[in-house]
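Sharing a structure here in structure tokens format.
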Amino acid sequence: MKIKYLASLAAIALLSTGVFIACATPEASKDNTASTTTTATKPDPCAAKKADPCAAKSTSGASIGGPLAQKLQGKPVVVDIYASWCPACQNIAPTVSELKKEYDGKVEFVVLDVSDKTTTAAAEATAQELGLSKFLAENKTQTGSLTIVDPATGKILAQYRNNADKMAYTKVLDAALTK
């Protein structure tokens with residue numbers, strides 16, 4: 001009886017590890033990014049988990065809830081939900097760094113760090129100041145996500161999860177800058 005029990009536990013552990021690895025591996029997650037312009041064509045290994053940071057959100061027609069703070073007006077805003085322990089955040093970090101250099105002075109970058117209680121409290125204060133409170137409350141579990149927002153309307157132009165493809169962001173940012 002003990003052998004059957006242990007074999008069952010081992011099988012569950014192996015299956016759980018497979019789903020975890022699929023969520024944490026950038027190659028597995030590339031096809032699972034969400035945006036307003038693309039949809040995943042492969043099944044999402046993270047879909048079976050509840051409140052999983054791998055989970056992608058649909059943003060079609062979504063809004064932050066209204067215009068952002070006055071100091072963010074005039075430039076597209078990129079909101080980065082970040083955590084130091086997040087594999088997706090580490091995966092997209094080089095892309096974010098390149099975007100910051102390329103769009104310096106043209107785009108506002110807002111990092112909301114939810115690594116721990118202290119940084120989350122600071123992120124909540126920043127979000128309150130910038131008109132992003134509702135957005136942070138709804139998305140703080142979506143670490144490794146970058147959301148591009150029109151600050152005048154609060155409309156989400158695109159939202160990606162664990163997407164290191166710089167061209168996906170530049171396409172949306174360039175379009176927003178030409179308006």
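The values are calculated or read from the model by the stated rules, or taken from the named source; none is laboratory data. This is a predicted model, so every value here is computed, not measured. All Cβ positions, glycine included, derive from the backbone under ideal geometry; neighbour counts span all protein chains shown. Ligands, DNA and RNA are excluded from the accessible area calculation, which covers all protein heavy atoms including side chains. Shrake-Rupley method; radii C 1.70, N 1.55, O 1.52, S 1.80 Å.
Only residues that are modelled with pLDDT of 95 or more, part of a loop (DSSP other than H, G, I, E, B) and not acidic (Asp, Glu): list them for the stretch 112-131, please.
Passing the criteria: Val114, Ser115.
Also, I was wondering about something else. I need the full set of residues from the stretch 134-155 which are surrounded by fewer than 16 Cβ atoms within 10 Å (Cβ to Cβ), hydroxyl-bearing (Ser, Thr, Tyr) and farther than 20 Å from Ala175 by Cα, in order please.
Of everything in the stretch 134-155, just one residue is surrounded by fewer than 16 Cβ atoms within 10 Å (Cβ to Cβ), hydroxyl-bearing (Ser, Thr, Tyr) and farther than 20 Å from Ala175 by Cα, namely Thr141.
Could you please give the count of residues in the stretch 77-133 that are open to solvent by 20 Å² or more (accessible area, probe 1.4 Å), of a type outside the set (Asp, Glu) and closer than 19 Å to Asn163 by Cα?
Final tally of qualifying residues: 13.
Check whether at least one residue in the stretch 56-75 is at pLDDT 90 or above, closer than 14 Å to Gln159 by Cα and buried (at least 19 other Cβ atoms within 10 Å of the Cβ), and report yes or no.
No, every residue in the stretch 56-75 fails to be at pLDDT 90 or above, closer than 14 Å to Gln159 by Cα and buried (at least 19 other Cβ atoms within 10 Å of the Cβ).
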